[in-house]
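Undergrad: Input: one structure, supplied below.
The values are calculated or read from the model by the stated rules, or taken from the named source; none is laboratory data. Keep in mind that this is a model prediction, so the values were computed, not measured. For neighbour counting, all protein chains shown are included, and Cβ atoms are generated from backbone atoms with ideal geometry for every residue, glycine included. Heads up: the accessible areas ignore ligands, DNA and RNA and are worked out on the full protein's heavy atoms, side chains in. Shrake-Rupley method; radii C 1.70, N 1.55, O 1.52, S 1.80 Å.
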Amino acid sequence: SCQVRPKVAYVCEWEKRPKSNHCPSIPLVCAWSCRNLIAFSTDLKNEEDDKGHMIHIIDTDHPWDVYSINSGHTEVISCLEWDQSGSRLLSADGDGQIKCWGMTEHLVNSWECTQSSSLDGDPIIALSWLHNGVKLALHVEKSGSTNFGEKFSRVKFSPSLTLFGGKPMEGWLAVTVSGLVTVSLLKPNGTLLTASESLCRLRGRVALADIAFTSGGNIVVAATDGSSSSPVQFYKVCVSVVNEKCRIDTELLPSLFMRCTTDPVRRDKYPAVTHLKFLTRENSEQVLLCASSQMGSIVECWSLRKEGLPVNNIFQHRSPVVGEKQPMILKWRILSATNDLERVSAVALPKLPISISNTDLKVASDTKFFPGLGLALAFHDGSIQILHRLSLHTMGVFYGSSDPAIKRQRAGGPTLHFKALQFSWTSLALVGVDNQGKLHMIRVSPSMGQMLDMNTLLRHLLFLLEYCMVTGYDWWDVLLHAQPSMVHNLLEKLHEEYMRQNQALQQVLSTRIVAVKASLCKLSSATAARACDFHAKLLLIAISSTLKSLLRPHVLNTPDKSPGDRLSEICTKNTDTDIDKVMINLKTEEFVLDGPPLQSLQQLIQWVGDFVLYLLANLPNQGSIVRPGFGFLRDGASLGTLREMLVMIRIWGLLKPGCLPIYTATSDNQDSMFLLFRLLTKLWLCSRDESHLQDPDETLIDECCLLPSQLLVPSMDWLPINDGVITKIQTKHPLRLQFGKPYTLPGVNPNAQVEVFRSPASQRMDHLRCLHLGISPTEDSKACTRCGCVTMLRSPNKTNAMRQWEQRWIKNCLRTDSPLGRGH
């Protein structure tokens, strides 16, 4: 039945070609971060220089750009772990070496080792960052609620270790083959505090281990010697700092024997435990076990429960003491088990934090929402199955690639299968690395292939987009399932849900929702112009908040409202089209600034002036929605912000004329800012009331038609089109890609979609500083991996005001709120 209704759709395959005649290196481990970065390692050393095994990092939207790190690991890398922010990576090898990697200048293609620890000669088999105490629960049953606080709630969870004041202490924990647990703590001064302790008094060989955390701040380690006839041991690990030294205390917890070893039919059929995983890192009470042989595997799911301790018959007739309760013990009980399976080669567990209870099946059947409920098993025959993580029932099957070369291999040579598998953070995609050194991306349907109506599918995607907005995670994997025909409805529903939130939450998410809308608009050629508008809106919000932050109250006692708030209030109430009359109502002494800061911000002021002129000059030409700027004509809030900026700039121009925007006018006595403010106010009056939008009158349109004859209209440099793979995989056909070679659709100009919006000149722009870099810039630059926003890597500015502006965007892109950037 699974063959006629496959649930998992294949997306693309990425292949790394060998540079020599040797066989390609085989990735052994991989890890997927919340920023949609994938790290994987190979089992061969770098052939060019003997510096150790390589770690490769890719951004999922630009898979051909692989960033390779000479790790310095002398043995095969056994573990890779991203931290919660997705900006740091842990690597461990078979010689006991652990290294912490961080981005250099926040670039995804520049990494350096910041810390390291070592247990010489003791291979690492399990590795994890200490928990920071942040846990968010996702409530599927409340997906129809209008309140984000009901859909996503903060769960009480204690960090593994805290500093003074309750701040979580950073660090990592590892388990070795010899049964040691080692903890490394990152002190605030940058030094490393390391300690090691045996898991139990009688140390023994540990073949497999996994790490989980409890809500009380403890750590639980599961370990097995690899034999299915041996018990799976569990240990509680407590970490503390005493007298500036790290202390580790361990305690033995209840253990279990796999049920297959007690079955007379299967007692000797599966001799080895090949996979041991907690279902989630934040739930130490449910564990997944896989026992295998050369012929097949079996998977079991166990749960730790409290049970009453039976009392001996001698004490049954004793009179109970008032308030006495039956003694309770913790005991492992099996939840479910599979039948005999093909040999399992890899396991992937979902990261979506939905509740794990027996009601999940009912919620899934009612809402048809399955992300986070399924775990993935890869088999040696090349297939992948999605199983329910509690019942282990089959939810979906993927039978491999349609590549003829792979089919020939299956007919003859060794079977292609996955050696490592990882879910994305929303469980809507799988990445796998196979035994031939190829990297595969697989799209996992949120409905597991069930036929859904469009409204239900939109609600699922909307729910996950909201989750990414609240958590700050990258939403690239959600866009995999958004078809161009869905973009308009998704934009409307996302805006409706956002407007239903309270004012405080709206302010927190104000820029992130604009970034999500921009990325959605890029999926369809019909909405590409709106993506330009959303990027421009993000820049306008950033410039407005920066310029307003320079204002200071004239008197020392702080008033109820800041100068920026009073400016907004006065400009909203005063509908006069004369900019000088609006200025009269302001306390101009609050706008007094020194000359150097104003002059250094001139390029940002110039962008505001050019953008106002561009919008007004193109008002008569906005006959359709395909031109950039259309979205601003009905956006009363953005037009009001532009009005406030013009008033502020006008006042600053009286103090420092050199900071004013420069216009090329046909008349020497033309007051350009006065003219633009008058026309902008008329346009703002038509759209300031969202419930009663009005079309611009003929007089305003006629005056805007005359603008090009009065002022030279600048050509706005819109952001380049997204050259990522997300715009190329909207169809169901798989793509075959190669590292180092950017992919373009056959016969399609990658820049054709945006050429209408860009200036014909090939000038390069610094989109952060609003500076022209020339045709062939010589300065090193960096670009956002999501929107293509380019800026110089080194700052040419020396004034504090401009440096503060640059420092605000050293980690995140101002146009997409994305933390990803790559250097050129």
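Undergrad: Karplus couplings for region 217-234 from phi (6.51 cos²θ - 1.76 cosθ + 1.60, θ = phi - 60°), rounded to Hz, Gly and Pro as x?
TA: Per-residue couplings from phi come out as x, 8, 10, 10, 10, 9, 9, 8, 7, x, 9, 6, 7, 9, x, 8, 8, 10 Hz.
Undergrad: Sticking with this one: Given an 8 Å cut-off on Cα distances and at least 6 residues of separation, report the relative contact order of the chain as a percent. Numbers along the way, then the final one.
TA: Details: 1665 pairs, mean separation 97.1, N = 824.
Computed over the chain, the figure is 12 percent.
Undergrad: Another question about this same structure. Hey, with R₀ at 41 Å, roughly what FRET efficiency would GLU244 and SER215 work out to, going by the Cβ-Cβ distance, to 0.05? Provide the component values of the computation, followed by the final result.
TA: Working: r = 28 Å, r/R0 = 0.68.
The value I calculate is 0.90.
Undergrad: Starting from the 7 Å offset along Cα-to-Cβ, what nm value, one decimal, do you get for the label separation of THR799 and THR546?
TA: Result for the modelled spin labels: 1.2 nm.
Undergrad: Now for a separate question. For region 102-172, would you read off the P(r) tail past 16 Å as a percentage of all alpha carbon pairs?
TA: Numbers: 1763 of 2485 pairs.
Summing the P(r) tail past 16 Å for region 102-172 gives 71 percent.
Undergrad: Report the convex hull volume per residue for region 526-710, counting only C-alpha atoms, in Å³. Before the final figure, lay out each step's value.
TA: Numbers: hull volume 23.1 nm³, N = 185.
Dividing the Cα hull volume of region 526-710 by its residue count gives 125 Å³.
Undergrad: Something else: Expressed as cubic angstrom per residue, what is the convex hull volume of the alpha carbon set of region 452-523? Mind showing how you got there, number by number?
TA: Working: hull volume 5.6 nm³, N = 72.
Taking only Cα atoms, region 452-523 has a hull volume of 78 Å³ per residue.
Undergrad: Sorted from largest down, give the three principal axis spans of the alpha carbons of region 464-572, whole angstrom values.
TA: Answer, in whole Å and largest first: 55, 26, 23 Å.
Undergrad: A further question on this structure: Please list log₁₀ I(q)/I(0) at q = 0.06, 0.07, 0.11 Å⁻¹ for the chain, using the Debye equation with identical point scatterers on the alpha-carbon positions.
TA: The calculated log intensity ratios at q = 0.06, 0.07, 0.11 Å⁻¹ are -0.46, -0.62, -1.31.
Undergrad: Strictly over 28 Å apart at the Cα level, which of LYS277/LYS522; LYS537/LYS782; LYS419/LYS741 would you flag in this model?
TA: With Cα atoms farther than 28 Å apart: LYS277/LYS522.
Undergrad: If I model region 422-466 as equal point scatterers sitting on the Cα atoms and use the Debye formula, what is log10 I(q)/I(0) at q = 0.13, 0.14, 0.27 Å⁻¹?
TA: Log10 of I(q)/I(0), two decimals: -0.38, -0.43, -0.99.
Undergrad: Before anything else, pin down the relative contact order of region 526-710: Cα pairs under 8 Å, at least 6 apart, normalised by residue count, whole percent.
TA: Computed value for region 526-710: 29 percent relative contact order.
Undergrad: Using mean Cβ contacts within 10 Å as the protection proxy, how do 327-336, 28-37 order, highest first? Could the numbers behind the result be given before it?
TA: On the way: 327-336: 13.3, 28-37: 22.1.
Taking the mean over residues of other Cβ atoms within 10 Å, the ranking is 28-37, 327-336.
Undergrad: Taking θ as phi - 60°, what are the ³J(HN,Hα) couplings along region 764-770 by the Karplus curve (6.51, -1.76, 1.60), each to the nearest whole Hz, with x for Gly and Pro?
TA: 8, 10, 8, 6, 7, 9, 6
Undergrad: Dimensions of region 149-204 along principal axes (Cα, Å, largest first)?
TA: In descending order, the Cα extents are 47, 31, 15 Å.
Undergrad: Among all the lysines, which ones have a C-alpha under 27 Å from LYS187's C-alpha, if same-chain residues fewer than 8 places away are not counted?
TA: LYS99, LYS135, LYS156, LYS167, LYS236, LYS245, LYS811
Undergrad: Please report, as a whole percent, how much of the solvent-accessible surface of region 33-159 comes from carbon and sulfur atoms (probe radius 1.4 Å). Each step should come with its number before you reach the end.
TA: Working: 1970 of 4530 Å².
Answer for region 33-159: carbon and sulfur cover 44 percent of the accessible area.
Undergrad: Between beta-carbons, use under 14 Å as the cut-off and find the net charge around ASP249, counting Lys and Arg +1, Asp and Glu -1. Spell out each step's value before the answer.
TA: On the way: positive: ARG201, LYS236, LYS245, ARG247; negative: GLU197, GLU251.
Once positives and negatives cancel, what remains is +2.
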